[in-house]
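Enquirer: Sending over a structure as structure tokens; questions will come in a sec.
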Ligand code: NDP
């Protein structure tokens, strides 16, 4: 059989971590023939909770789970890591300014970037940042890991992508798998731009099937952008199972490919479509079966799309500027 791969998960005993670890260990992420070793990082005060999660993982008797590391030391968590899912982040506390939040997280992700640089398996590593502000946290981690290809870092917009697919499937009375060429541009935040202009179902354009520009602009886009807040309002807690599920989708597709289909990933920008080089920006991507992603090229954005793109681009530049002096 295959050798086990090492999967580091930070914030492992948090809400998302609690959903994520079990899905990884069951084989949902890397398939039913890929053994895994979970390397869990938590804060010292959460180590006891992590022990409980680890006991539950044992009790599932997952055939693929070959080991669990429980640690508060990033060097240990990232030792030989083939995958790193960076979920733990400093939440916004009452009265905290956006800039303070960015800086608090900049410190966490600087430490983790350095630890990845020193310890991870650089030839195989795939990093997914889930902890918010995810795009900028990815940038900070990557910049602190100079010996790792920045293309090995990414931030998650797959949940936004999946939320969009679900809304579109409902609106058109189709299945999520029927919808092609939908994507999220930009930041994982309320400025993200869910774009249906290239979308199609069975070769017919989504805009013509929906034929309701008002719905797209006043209903669809805001629903996707504000879905997180709607879930908090309904559940009294932020989305966790769906976020974990999107992280599983992101890593699986990044490893095994997307069958020629589009998905959305926030990845290192070389300046494609006018985003600033060096930002982690969500693009439509296609992943080949060997696990290499390519940004979909040659798309023509209309005036409305350009305005939305510009808004989310400007926000990412602003975030980067707020933490610039903390970058190496
Ligand atoms: P969650 O597991 O609910 O969320 C973790 C992070 O994911 C947050 O930054 C959250 O952002 C983000 N996130 C991204 N997308 C989504 C989404 N769609 N829905 C919800 N969240 C999303 O947080 P918990 O507080 O339950 O757990 C965090 C854990 O991380 C704790 O156990 C804590 O001890 C640990 N931690 C570890 C650190 C470390 O290892 N150095 C540092 C800080 C914390 P948002 O805040 O915007 O909801």
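The values are calculated or read from the model by the stated rules, or taken from the named source; none is laboratory data. What you are looking at is a predicted structure, and each value in this text was computed from that prediction instead of being measured. Ideal geometry is used to build each Cβ from the backbone, glycine not excepted, and the neighbour counts take in all protein chains shown.
Enquirer: Please determine whether any residue of segment 179-189 is within 18 Å of residue 247 (Cα to Cα) and part of a helix (DSSP H, G or I).
Expert: no
Enquirer: Only residues that are within 15 Å of the chain's Cα centre (by Cα) and within 17 Å of residue 189 (Cα to Cα): list them for segment 269-288, please.
Expert: The answer is 279, 280, 281, 282, 283, 284.
Enquirer: Further question: Out of all the residues in segment 20-29, which are buried (at least 19 other Cβ atoms within 10 Å of the Cβ) and within 15 Å of the ligand (Cβ to nearest atom)?
Expert: Hits for segment 20-29 are 20, 21, 24.
Enquirer: Now for a separate question. In segment 133-147, which residue that is free of Cβ contacts under 8 Å to residues at least 60 places away in the same chain and surrounded by 20 or more Cβ atoms within 10 Å (Cβ to Cβ) is farthest from the chain's Cα centre (by Cα)?
Expert: If we filter segment 133-147 for residues that are free of Cβ contacts under 8 Å to residues at least 60 places away in the same chain, which is where we start, we get 137, 141, 145, 147.
Subsequent filtering for residues that are surrounded by 20 or more Cβ atoms within 10 Å (Cβ to Cβ) retains 137, 141, 145.
Numbers: 137: 11, 141: 14, 145: 19 Å.
Ranking the candidates gives 145 first.
Enquirer: Is it the case that segment 240-257 has a residue that's loosely packed, with under 13 Cβ neighbours inside 10 Å and either at pLDDT 95 or above or under 21 Å from residue 158 (Cβ atoms) (or both)? Lay out the reasoning, then the answer.
Expert: Filtering segment 240-257 for residues loosely packed, with under 13 Cβ neighbours inside 10 Å gives none.
No, segment 240-257 has no match at all.
Enquirer: Then there is this: Go through (1) over 14 Å from residue 250 (Cα atoms); (2) surrounded by 19 or more Cβ atoms within 10 Å (Cβ to Cβ); (3) touching a residue at least 60 places away in the same chain (Cβ under 8 Å) one by one and return the number of the condition residue 151 breaks.
Expert: It fails just one condition, (2).
Enquirer: Looking at segment 119-139, which of its residues are assigned to a helix (DSSP H, G or I) and either within 29 Å of residue 3 (Cα to Cα) or away from the ligand (no atom under 13 Å from the Cβ) (or both)?
Expert: Scanning segment 119-139 gives 119, 138, 139.
Enquirer: To continue, here is another question. Which of the residues that make up segment 35-71 are part of a loop (DSSP other than H, G, I, E, B) and either within 16 Å of the ligand (Cβ to nearest atom) or touching a strand residue (DSSP E or B) at 6+ places or on another chain (Cβ under 8 Å) (or both)? Working first, answer last.
Expert: Pass one, segment 35-71, residues part of a loop (DSSP other than H, G, I, E, B): 35, 42-43, 61-64.
Those that are part of a loop (DSSP other than H, G, I, E, B) and either within 16 Å of the ligand (Cβ to nearest atom) or touching a strand residue (DSSP E or B) at 6+ places or on another chain (Cβ under 8 Å) (or both): 35, 42, 43, 64.
Enquirer: Listed residues 301, 326; which is surrounded by 15 or more Cβ atoms within 10 Å (Cβ to Cβ), over 18 Å from residue 265 (Cβ atoms) and modelled with pLDDT under 95?
Expert: 326
Enquirer: Which condition breaks for residue 100 when tested against (1) in contact (Cβ under 8 Å) with a residue 40 or more places away in the chain; (2) loosely packed, with under 15 Cβ neighbours inside 10 Å; (3) in a helix (DSSP H, G or I)?
Expert: Residue 100 satisfies all of (1) in contact (Cβ under 8 Å) with a residue 40 or more places away in the chain; (2) loosely packed, with under 15 Cβ neighbours inside 10 Å; (3) in a helix (DSSP H, G or I) except (1).
Enquirer: Just need a number here: residues in segment 170-190 that are more than 15 Å from residue 208 (Cβ to Cβ), modelled with pLDDT of 95 or more and surrounded by 15 or more Cβ atoms within 10 Å (Cβ to Cβ).
Expert: 6
Enquirer: Which condition does residue 32 not pass, out of (1) within 15 Å of the ligand (Cβ to nearest atom); (2) part of a loop (DSSP other than H, G, I, E, B); (3) surrounded by fewer than 16 Cβ atoms within 10 Å (Cβ to Cβ); (4) touching a residue at least 12 places away in the same chain (Cβ under 8 Å), if it passes all the others?
Expert: Evaluating residue 32 over (1) within 15 Å of the ligand (Cβ to nearest atom); (2) part of a loop (DSSP other than H, G, I, E, B); (3) surrounded by fewer than 16 Cβ atoms within 10 Å (Cβ to Cβ); (4) touching a residue at least 12 places away in the same chain (Cβ under 8 Å) leaves (1) as the failure.
Enquirer: Next up: Could you tell me which of the residues 8, 12 is in a loop (DSSP other than H, G, I, E, B), touching a helix residue (DSSP H, G or I) at 6+ places or on another chain (Cβ under 6 Å), closer than 25 Å to residue 138 by Cβ and within 16 Å of the ligand (Cβ to nearest atom)? I'd like the intermediate steps shown before the answer.
Expert: Details: 8 fails: in a loop (DSSP other than H, G, I, E, B).
When all the criteria are applied, what remains is 12.
Enquirer: Any residue that is farther than 24 Å from residue 159 by Cα, surrounded by 20 or more Cβ atoms within 10 Å (Cβ to Cβ) and more than 11 Å from the ligand (Cβ to nearest atom) - is there at least one of those in segment 111-118? First the steps, then the outcome.
Expert: Our first condition is that a residue be farther than 24 Å from residue 159 by Cα; within segment 111-118, this holds for 111, 114-118.
Okay, now just the ones that are also surrounded by 20 or more Cβ atoms within 10 Å (Cβ to Cβ), so 115-116.
Imposing the further condition that a residue be more than 11 Å from the ligand (Cβ to nearest atom) reduces the set to 116.
Yes, because at least one residue in segment 111-118 is farther than 24 Å from residue 159 by Cα, surrounded by 20 or more Cβ atoms within 10 Å (Cβ to Cβ) and more than 11 Å from the ligand (Cβ to nearest atom).
Enquirer: Further, regarding this structure: Assigned to a loop (DSSP other than H, G, I, E, B), closer than 17 Å to residue 127 by Cα and in contact (Cβ under 8 Å) with a residue 12 or more places away in the chain: is that true of residue 81 in this structure? Give the derivation first.
Expert: On the way: assigned to a loop (DSSP other than H, G, I, E, B): yes; closer than 17 Å to residue 127 by Cα: yes; in contact (Cβ under 8 Å) with a residue 12 or more places away in the chain: yes.
Against the criterion (assigned to a loop (DSSP other than H, G, I, E, B), closer than 17 Å to residue 127 by Cα and in contact (Cβ under 8 Å) with a residue 12 or more places away in the chain), residue 81 qualifies.
Enquirer: With surrounded by 14 or more Cβ atoms within 10 Å (Cβ to Cβ), modelled with pLDDT of 95 or more and closer than 22 Å to residue 29 by Cβ as the only criterion, which of 264, 200 stands out?
Expert: One residue alone meets the criteria, 264.
Enquirer: Out of 229, 190, 169, which single residue is away from the ligand (no atom under 16 Å from the Cβ) and closer than 30 Å to residue 85 by Cα?
Expert: Residue meeting the stated conditions: 169.
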